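J.: Here you go, one structure.
The values are calculated or read from the model by the stated rules, or taken from the named source; none is laboratory data. All values reported here derive from a predicted model rather than from experimental measurement. Neighbour counts are summed over all protein chains in view; Cβ atoms, including those assigned to glycine, are modelled from backbone coordinates with ideal geometry.
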Amino acid sequence: MRAQMRLGRRPAAPVFLFGFLGTLFGVLQAGCVASILGAALSRQPASVRMLIGFAAFAVLRALASVAADRAAVRAGAQARRRLRADALNRVLAAGPILLSSSASGDVATTLVDRIEALDGLFGRWLPASMNALAGPLLVLLVAGIEDGFAAVTLLVAGIFVPFGMAIAGIGAARASSQQFLALSRLQARFLDRVRGIATIVLAGRVEAEASALASAADDLRGRTMRVLRVAFLSSALLDCAAAASLVVLALHYGAALGGGAGDPAAISGAIFALLLVPEFFAPLRAYALAYQDRLQGNGAAEALVALPAAPPPPPVLPIRNVTAHGVSIAFEDVVLTWDASRGPALDGLSFRLAAGETMVLAGPSGAGKTSVLEVLLGFVAPQSGRVLINGADMSTIVPDALAKLTAWIGQRPILFAASISENIRFARADATDAEVADAARLARLDALLAELPEGLETLIGEGGFGLSGAQAQRVAIARAYLKNAPLLLLDEPTSHLDPATEQEVLESLRRLVVGRTVILATHSAAAHGFGGRRLDLRAGRATNNARLSGVA
């Protein structure tokens, strides 16, 4: 938080400046009001200049307030963009490994709500914390020039405010942290239950899950009310200090104000001192109101700290043009452990795959097939051993270069709520319409597109809603054609398809793998027709490395 607030001070400077100008205009406005009221109580005509000054300073103060609000919005938006970009980069760098240890609802809450809660920290609290010192000092300086007793009274009252806020802040920090935890749990539970609603209904757990959600919502309500109680306590302490100052100054200036037609200067000075009290406490009140934003920021920061650290930039080494000569893969005694209690997922695995060759990874679930692919995708680094790509250690390859030479097709393709064309172009954003159409043709999407009224521009729903499993898989194959990467990784691409549809998809894949280095992880016997070599895995170890019949 300290590091982020250092970065946020410059954007918050205009907010502080306009807030300080608002305090200055308020003091000048109070002087005009004191002069007008002093003349009225002394039964003398008010100065036209003071009337004009009062109106002018009122307008200037309103403009300063508007400018401060706009600057606060800009400062908060800039901070949120910076934090969200950093958090998203860390999540993307962690890849699916993060979701294996955290609920997707928790991650979504962190990227959206937690960062959104930091808006007030940079837009309100940071400038308010600076103005809470500068504003009262300005008022004290003016009060000291006018009357030393008024300055001392305000100073004594102002000293007690931080102590009261500190006492209230200890309880508020704890309450705010617990409230954020309850909010995060409720959001994560709700998101995950919505995603698994079909399973909940089939299992007859609808009422039980509804009761659990209601209980979590009630817990959040109780924690939120505790935060509000502490916030009101802090405001009450500030009001008591301001009221005490007014009482002391009113008693002190009672003689000057109660005399009726007395000295206009004395009456104006007394009124001016009284009017300085709300101006003195206004920055402190704004600070107290914004203190809640700091407490929320601390709660939100805990979730951001829990995200994986951004990976250090790898050394920039010369990378050969792997695309021109194909890609060879070598695993040398690779050991990878996801969970120490479950043993290694890859236990000293070694194999070599020549450029342009196909390898089928076979074995039961948990044998390590997907772990091999995730190592090659760069989602996780092995604890020991080396992975070589064209003879270069994979850890020295720039991630962007690794992404460009790799294409991946999984069990269920991720499709977005957009047109088919946009979903295919996701593989290469700069592709032309002709290249997208050619990729769709090679993936055998012609029959589907001919039935659609808008062809490639037909909109589909999130997750490929509106397409069958085979059609969605063909869109993923079209992406791979469009990317034209020399290394193709296939993770159970036909596991959710019926036999007839599986054969159709495999035919498209057979054309795709020609001339590429391919690693296919599958349980399907039909997929072994790809040819190349078969590597049997058991408990993360290779038990057989034999050549398959078929076309490589």
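J.: Which ones in the stretch 399-426 are surrounded by 16 or more Cβ atoms within 10 Å (Cβ to Cβ) and among the acidic types (Asp, Glu)?
T.: The one that is surrounded by 16 or more Cβ atoms within 10 Å (Cβ to Cβ) and among the acidic types (Asp, Glu): GLU422.
J.: Another question, then. For the stretch 330-369, name all the residues that are under 27 Å from LEU512 (Cα atoms) and among the basic types (Lys, Arg).
T.: ARG352, LYS369
J.: Identify, by number, the condition in (1) part of a loop (DSSP other than H, G, I, E, B); (2) touching a strand residue (DSSP E or B) at 6+ places or on another chain (Cβ under 6 Å) that LEU467 doesn't meet.
T.: The single condition LEU467 does not satisfy is (2).
J.: Give the residues of the stretch 378-393 that are at pLDDT 85 or above and crowded, with 18+ Cβ neighbours inside 10 Å, sorted by residue number. Walk me through it before giving the result.
T.: So the first thing to find is which residues in the stretch 378-393 are at pLDDT 85 or above, and the list is 382-393.
Correct list: PRO382, VAL387, ILE389, ASN390.
J.: Here are some residues: ASP69, ASP106, ASP86, ASP113. Which one is farther than 30 Å from ALA381 by Cβ and modelled with pLDDT under 85?
T.: ASP113
J.: So, THR494, is that one assigned to a loop (DSSP other than H, G, I, E, B) and of a type in the set (Ser, Thr, Tyr) or not? Can you show your working first?
T.: Details: assigned to a loop (DSSP other than H, G, I, E, B): yes; of a type in the set (Ser, Thr, Tyr): yes.
Considered against the rule, which asks whether it is assigned to a loop (DSSP other than H, G, I, E, B) and of a type in the set (Ser, Thr, Tyr), THR494 comes out as yes.
J.: Please find, among LEU520, LEU506, the residue that is modelled with pLDDT of 80 or more, surrounded by 22 or more Cβ atoms within 10 Å (Cβ to Cβ) and in the same structural domain as LEU456 (by TED's automatic domain parsing). Walk me through how you get there before you give the answer.
T.: Details: LEU506 fails: surrounded by 22 or more Cβ atoms within 10 Å (Cβ to Cβ).
None of the other options fit; the residue is LEU520.
J.: Restricting attention to the stretch 479-503, which residues are on the phi < 0 side of the Ramachandran plot, at pLDDT below 85 and not aliphatic (A, V, I, L, M)?
T.: Initially, the stretch 479-503 is screened for residues on the phi < 0 side of the Ramachandran plot, giving 479-483, 485-491, 493-503.
Filter once more, keeping what is at pLDDT below 85: 493-503.
Result: PRO493, THR494, SER495, HIS496, ASP498, PRO499, THR501, GLU502, GLN503.
J.: List every residue pair whose Cβ atoms lie under 8 Å apart, where the two residues are 6 or more positions apart in sequence or sit on different chains, the first residue falls within the stretch 237-254 and is outside any helix (DSSP H, G or I), and the second residue, located anywhere, is at pLDDT below 85 and of a type in the set (S, T, N, Q).
T.: Partner pairs satisfying both residue conditions: none exist.
J.: Looking at (1) in a loop (DSSP other than H, G, I, E, B); (2) within 20 Å of GLU492 (Cα to Cα), which is the one condition that is false for VAL375?
T.: (1)
J.: Out of the residues in the stretch 181-208 that are over 17 Å from ASP219 (Cβ atoms) and basic (Lys, Arg), which is surrounded by the fewest Cβ atoms within 10 Å (Cβ to Cβ)?
T.: Selected residue: ARG195.
J.: Working only within the stretch 124-166, note down all residues that are of a type in the set (Phe, Trp, Tyr), surrounded by fewer than 20 Cβ atoms within 10 Å (Cβ to Cβ) and touching a helix residue (DSSP H, G or I) at 6+ places or on another chain (Cβ under 7 Å).
T.: Answer for the stretch 124-166, where residues must be of a type in the set (Phe, Trp, Tyr), surrounded by fewer than 20 Cβ atoms within 10 Å (Cβ to Cβ) and touching a helix residue (DSSP H, G or I) at 6+ places or on another chain (Cβ under 7 Å): PHE149, PHE160.
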